[in-house]
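Written out below as structure tokens is the structure these notes cover.
The values are calculated or read from the model by the stated rules, or taken from the named source; none is laboratory data. Model, not experiment: these values are computed from the prediction. So basically every Cβ, Gly included, is an ideal-geometry build from the backbone, and we count neighbours across all protein chains shown. Each accessible area value is taken on the protein alone, full model and side chains, heavy atoms only, with ligands, DNA and RNA left out. Shrake-Rupley method; radii C 1.70, N 1.55, O 1.52, S 1.80 Å.
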Amino acid sequence: GENVEQHPSTLSVQEGDSAVIKCTYSDSASNYFPWYKQELGKRPQLIIDIRSNVGEKKDQRIAVTLNKTAKHFSLHITETQPEDSAVYFCAAANMKGTGNQFYFGTGTSLTVIP
Amino acid sequence: DTGVSQNPRHKITKRGQNVTFRCDPISEHNRLYWYRQTLGQGPEFLTYFQNEAQLEKSRLLSDRFSAERPKGSFSTLEIQRTEQGDSAMYLCASSFTLGNSPLHFGNGTRLTVT
């Protein structure tokens with residue numbers, strides 16, 4: 001099965017700085033890569049996703065890059081704000097066929113220091 | 001609120017007792033997933049339904065766990081003879097079948113086995 005690794009496990013940045021979280025995956029059949037943000041005691045919520053036919057996607061201060069050859073993808077948050085503090089999870093899924101399991105990384109706890 | 005709904009939010013039970021959780025997915029979604037999340041970890045796949053058919057079940061899932069989705073709408077997850085190691089957050093998620101559809105999570109049921 002798929003194995004998703006995520007680094008770092010914790011990240012502290014000053015407000016206004018950028019934050020980068022990196023994930024690697026093992027199954028070359030994975031073709032969909034969502035990122036979720038989970039605030040304490042709340043549900044994981046989708047913040048951005050990328051398909052395997054795209055190398056980069058941006059949504060305001062958030063961007064995701066994908067390198068299919070190297071099997072890694074990254075989340076970039078620019079101009080960080082205190083409300084960005086949360087746990088971020090990457091995931092990988094093969095959306096073809098009937099499997100469609102989502103495999104999650106172990107999470108990155110981001111703290112934005114005001 | 002038309003999101004994914006889970007009940008109960010919290011469940012405290014004694015070891016050896018059976019527990020049952022309920023998940024009501026977003027009404028248009030025909031895929032339903034159960035995940036388990038422990039502190040500091042990402043969601044771990046348990047099982048997945050497409051309509052009423054249970055298409056996949058994690059090899060990590062013991063025989064004490066069973067899930068149903070009898071009419072292709074709500075789902076139940078039952079844990080028999082609970083053990084302390086079952087203590088975790090149980091998350092339900094739903095999605096569309098077509099295309100690269102992300103998971104939409106519920107708020108989860110937090111199980112504590114004493």
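Some points to look at:
- Chain B, Cα convex hull volume normalised per residue, Å³: 101
- Remark: mean inter-chain Cβ contacts per residue of A:102-111 equal 3, using a 10 Å Cβ-Cβ cutoff to other protein chain atoms.
- Across B:Lys11, A:Lys42, the residue with the most accessible area heads the list, and the full order at a 1.4 Å probe is A:Lys42, B:Lys11.
- Two-decimal ratio, the protein assembly as shown, of alpha-carbon radius of gyration to 2.2 N^0.38 Å: 1.02
- Residues of region A:3-41 with amide N under 18 Å of a point placed 7 Å along Cα→Cβ from A:Ile113: A:8-20
- Residues in region B:7-50 that, when all protein chains are in place, have 20 Å² or more less accessible area than the chain alone would give (probe 1.4 Å): B:Arg31, B:Tyr33, B:Tyr35, B:Gln37, B:Gln41, B:Gly42, B:Pro43, B:Phe45, B:Tyr48
- Local electrostatic count at B:Ser62 - Lys and Arg +1, Asp and Glu -1, tallied over other residues with Cβ under 11 Å: +1
- Surface calculation, 1.4 Å probe, protein heavy atoms: B:Glu28 sits at approximately 110 Å² accessible.
- Which of A:Phe104, B:Phe74 is most accessible, then next, and so on - probe 1.4 Å: B:Phe74, A:Phe104
- Protein heavy-atom accessible surface, 1.4 Å probe, per residue over region B:33-79: 50 Å².
- Note on B:Ser62 and B:Asn18: the extension gain reaches 14.4 nm, defined as 0.36 nm multiplied by sequence separation minus the Cα-Cα distance.
- Sequence of B:Ile26, B:Ile79 from largest to smallest accessible area, 1.4 Å probe: B:Ile26, B:Ile79
- If both residues of a DSSP beta bridge must be in chain B, then about 90% of such bridges are antiparallel.
- Cα-Cα pairs of region A:1-54 separated by more than 12 Å (percent): 76
- Accessible area (Å², 1.4 Å probe, nearest 10) - A:Asp17: 80
- Reach of B:Lys11 by Cα under 21 Å, taken over lysines that are not fewer than 8 positions away in the same chain: A:Lys42
- Net charge over other residues, Cβ less than 11 angstrom from the Cβ of B:Asn30 (K, R count +1; D, E count -1): 0
- The residues packed around B:Thr112, meaning those with a beta-carbon under 13 Å from its beta-carbon, carry a net charge of +3 if Lys and Arg are +1 and Asp and Glu are -1.
- With N the number of residues in chain A, Rg(Cα) / (2.2 N^0.38 Å) evaluates to 1.03.
- Relative frequency of Cα-Cα separations exceeding 15 Å in region B:39-105, percent: 59
- Given A:Lys58/B:Lys71; A:Lys58/B:Lys57; A:Lys22/B:Lys57; A:Lys71/B:Lys57, the pairs whose alpha carbons are separated by over 31 Å: A:Lys58/B:Lys71; A:Lys58/B:Lys57
- For chain B, carbon and sulfur atoms together expose 46% of the accessible surface, with a 1.4 angstrom probe and every protein chain in place.
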